[in-house]
Amino acid sequence: MKFAIIKERKNPPDRRVVFSPQMLAEARAQFPDASFVIESSDIRIFSDQEYASEGFEIAQDVSDADVMLGVKEVPMDALIPNKKYFFFSHTIKKQPYNRALLQAILSKHIEMYDHEVITKQNGARLIGFGRYAGLVGAYNGFRLLGIRDGIFDLPKVENLKDLAEVKQELDKITLPNIKIALSGTGKVAKGAKEILDHLNIKEVTDDEYLSQDFDEPVYCLIDVTEYNKRIDGHPMDKYAFYKDPSGYESDFMKYAKVTDYFIAGHFYGDGAPFLFTREDAKHPEFKINLVADVSCDIDGPVASTIRPSTIADPFYGYDPVTESEVEMTTPGAIAVMAVDNLPCELPKDASEGFGEMFVKHVIPSFFNEDTDGVLERALMTQDGKLTPRYAYLQDYVDGNE
């Protein structure tokens, strides 16, 4: 079976790639029945020459490959009919801006495997860039703090070589005595926690965080059982909440009253309570003044995230009173970092980590008859139709939603 590493064609350019040259060489060694070709690109973080040095063919035309491996959406005119494709299609939530893309995938009889739904049997994701989103998001939040308050000046991540340099820059700063709340328990939150721990910020318990003052910066890691509660007052059950969040309400305000910097690293499920609403942000005891929203759900669970920001212009202010965007230094404003493509700022490390997961969880499925069902669960389209698992997208495809 022949795999192609395809050129990223979406704008703005994304320098990430599914496999680094070294990890691709490892995949070749592990799976001798697989062959790989590299579509020439002057965009990706690793040069054509770096792949050639590992003995890989570099080609302008990769249409003879069976499986196309990319990161971001492939433009419709670049899709090759009757191939297998892997990329983030951003269609599984019925995103309106990609309806035409899914229609094109179906019309060209492409087998679409979306990275986002490469999962274990229990639904947990096997691959992704979550860790790197968390790493960069937390760093960017501290960069915002330093710029807004004039206390230090961290460089942009995109101007640094790799994660090691990111951490070296953090070693140069001194933080004020702030309290930081980090939501989530997945890869995003773990990436953000890695930054907090590198800065030697003390982790404290919920009880300590909510009831005590400190003479040093501290953080508290919170999950759904701590920032949500049952409306009927009964004990919170995490798994019941995941199954049906309709009987719950937010209990986040207790954190908002004592938090300076909030890092949103949680996964937000449909129908779950918002962490804090626009009305909550108006509360006289609402203390949060800086938000790094890694999850970046617009007009969603974090009221201050009213639009995504960009790598070029990552920060803005939110005025809780007027519910509108203002300069981040405006008195009373919440300073917001809501970049929605954070891993793009750390393309080398992100690509290396992604490839490691891909060779562990995905490539074997092509040669072991997909014994774990990884490919079956991720396959969205086949023979010009949606597969049964993704039949819920039919109305979306038809333009009825």
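Sub-6 Å Cβ pairs linking a first residue in the range 318-330 that is of a type outside the set (Lys, Arg) to a second residue that is part of a loop (DSSP other than H, G, I, E, B), at least 6 apart or interchain, are Tyr318/Ser304; Asp319/Ala333; Pro320/Lys282; Val326/Ala333, ordered by first then second residue. Got at least one residue in the range 304-326 being out of contact with any Pro (no Cβ under 9 Å at 6 or more places or on another chain), among the small types (Gly, Ala, Ser) and over 26 Å from Glu158 (Cβ atoms)? Yes, the range 304-326 contains at least one residue that is out of contact with any Pro (no Cβ under 9 Å at 6 or more places or on another chain), among the small types (Gly, Ala, Ser) and over 26 Å from Glu158 (Cβ atoms). For the range 315-339, filtering for residues that are at positive phi and of a type in the set (Val, Ile, Thr) leaves 0.
Please indicate, with yes or no, whether at least one residue in the range 132-145 is surrounded by fewer than 19 Cβ atoms within 10 Å (Cβ to Cβ) and either within 21 Å of Asp293 (Cβ to Cβ) or among the aliphatic types (A, V, I, L, M) (or both). No: zero hits. Can Arg16 be described as over 24 Å from Gly130 (Cα atoms), basic (Lys, Arg) and assigned by TED's automatic domain parsing to the domain that holds Asn368? So Arg16 fails the test. If you go through the range 142-195 and pick out every residue that is within 18 Å of the chain's Cα centre (by Cα) and of a type in the set (A, V, I, L, M), you end up with 7. Within the bounds of the range 318-338, is there any residue that is of a type outside the set (Lys, Arg) and within 22 Å of Ile92 (Cα to Cα)? Yes, some residue in the range 318-338 is of a type outside the set (Lys, Arg) and within 22 Å of Ile92 (Cα to Cα).
Among the residues of the range 299-319, is there at least one that is among the basic types (Lys, Arg) and farther than 30 Å from Ile80 by Cβ? So far as the range 299-319 goes, yes, one or more of its residues are among the basic types (Lys, Arg) and farther than 30 Å from Ile80 by Cβ. Per this entry, Val294 is not counted among residues that are within 14 Å of Gly130 (Cα to Cα), touching a Pro at 6+ places or on another chain (Cβ under 6 Å), in the same structural domain as Val188 (by TED's automatic domain parsing) and among the hydrophobic types (A, V, I, L, M, F, W, C). For Gly332, the conditions (1) of a type in the set (Gly, Ala, Ser); (2) more than 17 Å from Lys282 (Cβ to Cβ); (3) surrounded by fewer than 22 Cβ atoms within 10 Å (Cβ to Cβ) all hold with the exception of (2).
Taken over the range 96-124, the criterion of being at pLDDT below 95 and either assigned by TED's automatic domain parsing to the domain that holds Ser295 or exposed (fewer than 14 other Cβ atoms within 10 Å of the Cβ) (or both) is satisfied by Pro96, Tyr97, Lys120, Gln121, Asn122, Gly123, Ala124. Taking the range 92-135 as the range and being of a type in the set (Ser, Thr, Tyr), closer than 28 Å to Val359 by Cβ and part of a helix (DSSP H, G or I) as the test, only Tyr132 passes. Report whether or not Phe36 is among the aromatic types (Phe, Trp, Tyr) and either surrounded by fewer than 20 Cβ atoms within 10 Å (Cβ to Cβ) or more than 27 Å from Leu342 (Cα to Cα) (or both). Yes: the conditions hold for Phe36.
Annotation: of all residues in the range 306-328 being of a type in the set (S, T, N, Q) and modelled with pLDDT of 95 or more, the one that is nearest to the chain's Cα centre (by Cα) is Ser324. Taken over the range 345-391, the criterion of being farther than 20 Å from Lys108 by Cα, part of a helix (DSSP H, G or I), more than 19 Å from the chain's Cα centre (by Cα) and among the hydroxyl-bearing types (Ser, Thr, Tyr) is satisfied by Ser365 alone.
Pairs meeting the criteria (first residue in the range 149-164 and of a type in the set (Lys, Arg), second residue outside any loop (DSSP other than H, G, I, E, B), beta carbons under 8 Å, at least 6 apart or on different chains) are Lys156/Arg143; Lys156/Glu345; Lys161/Lys348. Note on the range 242-281: residues that are over 24 Å from Gln212 (Cα atoms), aromatic (Phe, Trp, Tyr) and either loosely packed, with under 14 Cβ neighbours inside 10 Å or at pLDDT 90 or above (or both) total 3.
The values are calculated or read from the model by the stated rules, or taken from the named source; none is laboratory data. Since this is a predicted model, take the numbers as computed values, not measurements. A quick note on method: Cβ atoms are made from the backbone with ideal geometry, for glycine too, and the neighbour counts reach across all protein chains shown.
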